[in-house]
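We did not get these values from a lab; they are worked out from the coordinates using the rules stated. What you are looking at is a predicted structure, and each value in this text was computed from that prediction instead of being measured. In this analysis, Cβ positions are derived from the backbone assuming ideal geometry, glycine residues included, and neighbour counts consider all displayed protein chains.
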Amino acid sequence: MDEYIVEMRHITKRFPGVVANDDVSVSIKKGEIFALLGENGAGKSTLMSMLFGMYEPDEGEIFIRGKKVKITSPAQATQLNIGMVHQHFKLVENYTITENIVLGQEPPSRFMGFLPSVDIKGSNKKIAELSKRYGLEVDPRKKIEDISVSTRQRVEILKMLYREAEILIFDEPTAVLTPQEIEFLLDIIRELRNSGKTIILITHKLEEIKKVADRCAILNRGKLVGVLDVASTTTKTMANMMVGREVSFKIEKNPANFGPEVLNVAGLTVKNQDGLQVVKNVSFSVRRGEIFAIAGVSGNGQIEVADAITGLIPASGGTISLNGNDITNSGVRERTVAGISYIPEDRQEVGLVLDFSLAENLAMKKYFREPFCEKGILNNEAFEEHGKRLIEEYDIRSGQGISTTVRSMSGGNQQKAIVAREIELSSELMIFVQPTRGLDIGAIENIHRQILAQRDAGRAILLISLELDEIIGLADTIGVMYNGEMLNIAPAETLTANQVGEYMMGVKAE
Ligand SMILES: Nc1ncnc2c1ncn2[C@@H]1O[C@H](COP(=O)(O)OP(=O)(O)O)[C@@H](O)[C@H]1O
Ligand SMILES: [Mg+2]
């Protein structure tokens with residue numbers, strides 16, 4: 001049995017109201033890339049958090065290199081050469097990259113014999129070596145607050161390597177990355193395996209598993225469904241096992257039936273904090289019953305277009321009209337009331353109040369109206385009924401139903417809650433920014449169906465997405481943004497994915 005570097009046997013972990021892991025056994029071979037697949041809330045992070053010492057299992061045993069262990073803290077996991085990159089990075093914003101990497105690790109040397117000091121020079125050198133060896137380029141002197149998400153992730157990986165991790169756990173590492181960055185990360189993961197490391201990759205993206213993983217374990221609602229050899233399994237089989245039913249990769253769409261124009265954006269210009277134009281003279285319109293999708297590589301001004309329409313940032317030029325009324329200078333609340341729903345990219349900061357209950361979050365935008373509020377008194381029953389109905393209709397999974405604190409819910413279910421709330425507003429214009437980011441296939445299917453149903457019900461939909469498949473599958477009209485400009489606008493059926501991809505890289509329309 002010594003071919004297994006990690007064995008988790010009969011692991012059960014309960015949280016209030018849920019069995020997050022139910023008698024799960026997995027064995028991982030030294031030097032393999034072992035993927036852990038499952039829908040949001042299936043129990044993937046929980047299982048790996050136990051291997052990293054953040055939780056202890058209620059039942060079951062863990063063996064590392066054939067030896068039974070009790071891992072009671074991340075520090076102990078580190079001693080066992082286990083490292084983990086979490087879904088939400090754990091870095092100190094105003095520290096440098098080096099400081100973050102050595103934080104709590106470097107045994108202080110003694111300056112002049114008695115003052116504890118950290119050998120920053122030596123650390124920098126070691127970090128530079130590691131960066132070079134694995135292609136993880138960073139400038140170690142930069143502060144975290146000044147670096148991009150993908151660089152932050154590299155810092156997390158360097159942190160593991162610096163601590164001599166041999167078993168590397170990645171919790172949904174690609175959820176925050178652009179397609180190019182994903183390819184790059186997968187290369188790094190392969191490189192790490194080639195140098196003898198054991199990799200555990202948590203994901204719900206099947207193509208990624210197909211590309212890099214050797215074996216794959218599938219979890220569904222806390223239970224292990226199977227362990228597969230990736231090379232001899234189709235993505236379709238994996239998807240069906242993960243969701244527990246037959247899934248279709250094709251988006252079924254009714255013929256479009258466009259009505260009058262709802263949103264008109266004319267010559268919109270937006271400047272960022274440094275006064276640079278991030279949106280340049282952009283014009284387009286969205287009709288009732290139309291999904292207008294903006295494609296583009298991350299950071300080309302598309303988020304700013306959405307933020308300007310919802311009023312989160314000011315327009316520095318141009319006009320925005322809703323149903324013929326100029327709203328260019330209206331406040332955010334005013335625009336919501338005038339008929340704009342918004343599913344933002346940043347769920348946790350903009351979309352939800354994490355310490356409120358699910359019922360409260362679901363009613364967030366209408367608690368001041370009847371039946372939630374009658375003569376100035378909040379009606380608890382109305383909150384409960386409304387919450388229960390939405391949980392049912394939108395398949396929102398949580399430990400304790402409507403009274404669950406939103407913070408404890410998985411990202412996918414948090415997103416379902418926002419989508420449910422915003423759809424329920426019945427606004428004429430609905431703006432979806434990266435609505436399925438980080439979600440699994442089952443949840444994606446659910447949200448795509450909701451978006452199409454809204455379009456068929458005659459709403460105007462503005463969809464902003466980095467996922468080309470999503471754009472191609474849903475859009476009636478596609479606009480592509482590059483470097484703040486809208487390069488091309490065309491009916492979706494006249495464009496292939498390849499053509500959209502070219503515009504995204506800045507190839508201009510003839
Ligand atoms: N700290 C916690 N407190 C309460 N419930 C939790 C906690 N962490 C996870 N859960 C619940 O356990 C289940 C599994 O969650 P998780 O392991 O995060 O799933 P995954 O990583 O597969 O999306 C979910 O129902 C989630 O809401
Ligand atoms: Mg998770």
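Observations on the structure shown:
- Site pair ILE120 and SER148 shows an inter-label distance of 2.7 nm when each label is modelled 7 Å from Cα along Cα→Cβ.
- GluC sites (Glu not before Pro) restricted to DSSP loop in the range 226-299 with at most 16 other C-beta within 10 Å: GLU246, GLU252
- Computed extension length for ASN325-SER232: 27.7 nm, one decimal, from 0.36 nm per residue of separation with the Cα-Cα distance subtracted.
- With contacts taken as Cα pairs under 8 Å at a separation of at least 6 residues, the chain carries a relative contact order of 15 percent.
- Per the Debye formula on identical point scatterers at the alpha carbon atoms of the range 423-480, with no solvent, log10 I(q)/I(0) at q = 0.27, 0.28 Å⁻¹ is -1.31, -1.38.
- At most 13 other Cβ within 10 Å, DSSP loop - trypsin sites (Lys or Arg not before Pro), the range 430-510: LYS508
- Share of Cα-Cα pairs in the chain lying beyond 30 Å, as whole percent: 54
- Of the residues ASN413, THR174, GLY289, the one whose Cα sits farthest towards the positive end of the charge dipole of the chain is THR174 (charges of +1 on Lys and Arg Cβ, -1 on Asp and Glu Cβ, taken about the Cα centre).
- Distance in nm between pseudo-label sites at MET364 and GLU56 (7 Å out along the Cβ direction from Cα): 3.6
- Extension gain, VAL337 back to LEU103 (0.36 nm per residue minus Cα-Cα distance, nm): 79.5 nm
- Pairwise label distance in nanometres, SER283 with GLU261, each label 7 Å out on the Cα-Cβ vector: 0.9
- Theoretical gain in end-to-end length, ASP355 to CYS373 [0.36 nm per residue, Cα-Cα removed]: 4.4 nm
- Extreme residue, positive dipole direction of the chain, given options GLY17, GLY259, PRO344 (C-beta unit charges): GLY17
- Rg in Å to one decimal, and Dmax rounded to a whole Å, for the range 4-243 via C-alpha atoms: 18.3, 64
- For the range 261-504, Kirkwood radius (reciprocal of mean inverse C-alpha pair distance, Å): 18.4
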